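Okay, structure first, notes after.
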């Protein structure tokens, strides 16, 4: 083991004297500074904007003039997805997901206002968050830094001299690994530590749990670096020239970062073609026809009941459903459309939810397959883990959506109850339910991180075995 | 002698197994990207045609008495037509929805149903494997791999001194080397594009694609890849070893392809903060609430009166203010976007992205045109309904049939082509400038 430490110290010394360490530290500091500054800037802007707008929407909700329960229901309420403090560092898939919606009486408008909608160019090029720096750029720096670790020694002729000493190849590999990890830890740890806690100075509220999550993300990054160091050492020990090692490693990096995740999407689309969004419109048109039929039946029933008390109601009123003005002039106290409203709304929303679920299920199958294939890339495993901890993954979004769905029903039930108990005017809306986001249980996020971390560890073990085999068999002459 | 160097360069690349493998991989990616985009385009067009027919049938089935109900609740689906050019690039997928539901109730402004139900969020984060991505992001690395040792390799092997012991100038040598790689990369890329396009065309997926568009895409590819050929020979001439040139060139590729466009966009939005869609929605709701207050003060409607009719009248009163807000919002966003585009254009990747998105009719400006026209259509629809409500005995069927039809007015393709041509010219100029730099740098280089 002493030999391993000696080799590691030697690696570090070479990096120090060749100024590679200085260069790497400069690059790391610049990358982390830019990523954290941008994340913090976006976070503060979003937080302030949401607080300001929530106050406006709240004032309007409470300041509305007395109106019928149905009209109050139509005034609608605003639901916004809260951002997590750690989204500063890892945006995950958050940029591609809707952030808010208005729950209007009949219409559960889907979540809108994603960053992709606001800043399409950013969606196209991608953001520059710490997640991108660690998942995409860090492995590239490892490739640049470690590609000549073995092939370079061979080219310079130092490999023969090293291995002529009583040093096991396993110790040689361990020394190279420790040396490279130390180089990256020295270059990245200071800016990361400053960067990770810098947002505290701008008033981002970190909980103790967030610190634990940050440390776990940090540990995952270290494993991720170790994985690429192993791959670099293995490839370097499979080639005789550093330039060949660099070319092969660049190919590996491209495959891991771009090709495998995208290929997953291609294969998933071919195996389980997801329904086009327009399919929902077609379904919705069919649904309306079905509703129209049931609405006509319910309407005829209500009108026949009304005519018992109001014989002046014309018999053909059933076909004049749109004639609201006439109804108002006649002074009928019962709004036949309103009587049907809750039933129709329930029908529309249930059926729409079922149709959406069908369309979504077709997408979920594709998503599951794409996710599985994407996991063939360690980058995806790393990203899944960090975004689960940062609260910016798809699972947390689904957790939020489920709450919005439940609240939509509660909100609607409240006004339907008022209507059913013959309340004509709502003068105080403070009794109406308001949306309170319940954070996802921490265990769920940690479980997702754990699964991703296991996958990452498995990749790292595989890469270690590959490097070991290649170095053992390497012809050092 | 130039011809000899050129043919030697071609033979060198064709003989290398690694070069052949990487080139075939790149060609396969181009073909896959085009064929896959053609299939997706076909599926989308079918779904859209189905939805358009269903929407028309739905509208025709509205009972005449329910004309007001249909206008307020149901609204109309409007679709941004899918053009065959989209096989070239998918564009920012989730950002613009391809459809709008336009009703008289303001909540129906835009239905981004796909944002909520689509399976794409993670796929969008990964990015698409379309021709735009293959050309702008992946192809440069392939070019750099082929070109990085064009000069430095000869230097490292010691063959450069032998070459210059013959009657050949440095300029000729460098240009012949660059030309050799350019012939290979542009030829292979163009061939792959033609194969991909031919497969898609044979499957009937490219109906409506103009040959001029394909020609411009080929020119764009030639200009863009030409830049990396020139950059490659320049750096190769300045570095002592192939490893050094590959490391420098890969780092430059990362900076030009990822860092500059991403940082440019981030800097632009930080520099010119424009309102978010959330803020814009809240502003519009406030405008509507004010219009409603004004309406209540003027008309004193009683509870249980026709709220649907009220809603149309209130919406009409709010329209001018909404139009103002929309215009201000779009202007602010356009300002940020223009700055972001300009900053990203510091890099050839930014220019090439902008060009291929416009060529593919997948640019943000076209989508914005769609939103503007959809909003205009909503105003026309509201005006139509208000006119109907003001008449004594509106004929429901006539009101429904009289709703103005929506037809998207495409931006002029001639203008698009001119802009793309201008960008291609800039890229060619960049490639030329880099080649001049390479020649000058090589002249001063100590070959010993």
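Answer yes or no as to whether residue A:463 is without any contact (Cβ under 8 Å) to a residue 60 or more places away in the chain, in contact with a helix residue (DSSP H, G or I) (Cβ under 9 Å, 6 or more places away or on another chain) and part of a helix (DSSP H, G or I). So residue A:463 does not fit the description; no. Inspect all residues belonging to the range B:306-321 and state whether any of them is more than 11 Å from every other protein chain (Cβ to nearest Cβ) and closer than 19 Å to residue B:132 by Cβ. No, that holds for no residue. Considering B:4, B:70, the condition of being modelled with pLDDT under 80, within 11 Å of chain A (Cβ to nearest Cβ), out of contact with any strand residue (DSSP E or B) (no Cβ under 7 Å at 6 or more places or on another chain) and farther than 30 Å from residue A:268 by Cβ is satisfied by B:70 alone. When we screen A:113, A:92 for residues that are at pLDDT 80 or above and on the phi > 0 side of the Ramachandran plot, the only hit is A:92.
Table: residues versus (1) touching a helix residue (DSSP H, G or I) at 6+ places or on another chain (Cβ under 6 Å); (2) closer than 21 Å to residue B:138 by Cβ.
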position	(1), (2)
B:187	no, yes
B:194	no, yes
B:201	no, no
B:215	no, no
B:223	yes, yes
B:228	yes, yes
B:254	no, yes
B:259	no, yes
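For the residues A:445, A:376, A:388, A:452, the requirement of being touching a residue at least 40 places away in the same chain (Cβ under 8 Å) and not in a helix (DSSP H, G or I) singles out A:376.
Residues that are within 37 Å of the chain's Cα centre (by Cα) and closer than 17 Å to residue A:62 by Cα within the range A:406-428 comprise A:411, A:414, A:415, listed in sequence order. Within 10 Å of chain A (Cβ to nearest Cβ), free of Cβ contacts under 8 Å to residues at least 60 places away in the same chain, surrounded by fewer than 18 Cβ atoms within 10 Å (Cβ to Cβ) and closer than 29 Å to residue B:133 by Cα, is that true of residue B:53? Against the criterion (within 10 Å of chain A (Cβ to nearest Cβ), free of Cβ contacts under 8 Å to residues at least 60 places away in the same chain, surrounded by fewer than 18 Cβ atoms within 10 Å (Cβ to Cβ) and closer than 29 Å to residue B:133 by Cα), residue B:53 does not qualify.
Of A:236, A:243, all but one fail to be more than 27 Å from residue A:370 (Cα to Cα), in contact (Cβ under 8 Å) with a residue 24 or more places away in the chain and within 14 Å of chain B (Cβ to nearest Cβ); the exception is A:236.
Taken together, B:332, B:361, B:323, B:349 contain a single residue that is touching a residue at least 40 places away in the same chain (Cβ under 8 Å), under 21 Å from residue B:261 (Cβ atoms) and part of a helix (DSSP H, G or I), which is B:349.
Quick check on the range A:8-39: of everything there that is more than 28 Å from residue A:175 (Cα to Cα) and within 11 Å of another protein chain (Cβ to nearest Cβ), which residue is surrounded by the fewest Cβ atoms within 10 Å (Cβ to Cβ)? Before the answer, list the steps.
At the first step, the residues of the range A:8-39 found to be more than 28 Å from residue A:175 (Cα to Cα) are A:30, A:33-39.
Still in the running and within 11 Å of another protein chain (Cβ to nearest Cβ): A:30, A:34-35, A:37-39.
Numbers: A:30: 12, A:34: 20, A:35: 25, A:37: 17, A:38: 22, A:39: 26.
For the range A:8-39, the residue satisfying everything is A:30.
Let me confirm something: among A:130, A:173, which residue is in contact (Cβ under 8 Å) with a residue 60 or more places away in the chain, surrounded by 24 or more Cβ atoms within 10 Å (Cβ to Cβ) and within 20 Å of residue B:254 (Cα to Cα)? The unique qualifying residue is A:130.
Is it the case that residue B:296 is under 30 Å from residue A:251 (Cα atoms) and surrounded by fewer than 17 Cβ atoms within 10 Å (Cβ to Cβ)?
Values: under 30 Å from residue A:251 (Cα atoms): no; surrounded by fewer than 17 Cβ atoms within 10 Å (Cβ to Cβ): yes.
So residue B:296 does not fit the description; no.
In the range B:389-396 there is no residue matching the filter, namely being in contact (Cβ under 8 Å) with a residue 24 or more places away in the chain, surrounded by 14 or more Cβ atoms within 10 Å (Cβ to Cβ) and under 36 Å from the mean Cα position of the chain (by Cα).
Can you tell me which residue in the range B:36-50 is farthest from the other protein chains (Cβ to nearest Cβ), limited to those that are free of Cβ contacts under 8 Å to residues at least 40 places away in the same chain and in contact with a helix residue (DSSP H, G or I) (Cβ under 6 Å, 6 or more places away or on another chain)? Checked the range B:36-50; the qualifying residue farthest from the other protein chains (Cβ to nearest Cβ) is B:50. Among the numbered conditions (1) modelled with pLDDT under 85; (2) facing chain B (nearest Cβ under 9 Å); (3) surrounded by fewer than 22 Cβ atoms within 10 Å (Cβ to Cβ), the only one that residue A:123 does not meet is (3). Within the range B:401-418, one or more residues are more than 30 Å from residue B:228 (Cα to Cα), at pLDDT below 90 and part of a helix (DSSP H, G or I). Determine, yes or no, whether residue B:158 is away from chain A (no Cβ under 12 Å) and at pLDDT below 85. For residue B:158, the condition - away from chain A (no Cβ under 12 Å) and at pLDDT below 85 - is met. Any residue in the range A:412-419 that is modelled with pLDDT under 95, surrounded by 14 or more Cβ atoms within 10 Å (Cβ to Cβ) and under 30 Å from residue A:222 (Cα atoms)? No: zero hits. Condition first: surrounded by fewer than 18 Cβ atoms within 10 Å (Cβ to Cβ) and within 8 Å of another protein chain (Cβ to nearest Cβ). Now tell me which residues in the range B:260-288 satisfy that. Once the filter is applied, which keeps residues that are surrounded by fewer than 18 Cβ atoms within 10 Å (Cβ to Cβ) and within 8 Å of another protein chain (Cβ to nearest Cβ), the range B:260-288 yields B:270, B:273, B:286.
Take residue A:398 and tell me if it is modelled with pLDDT of 80 or more, surrounded by fewer than 16 Cβ atoms within 10 Å (Cβ to Cβ) and within 20 Å of residue A:97 (Cβ to Cβ).
Working: modelled with pLDDT of 80 or more: yes; surrounded by fewer than 16 Cβ atoms within 10 Å (Cβ to Cβ): yes; within 20 Å of residue A:97 (Cβ to Cβ): yes.
So residue A:398 fits the description; yes.
The values are calculated or read from the model by the stated rules, or taken from the named source; none is laboratory data. What you see is a predicted model; the values in this text were computed from it and never measured. Neighbour counts are summed over all protein chains in view; Cβ atoms, including those assigned to glycine, are modelled from backbone coordinates with ideal geometry.
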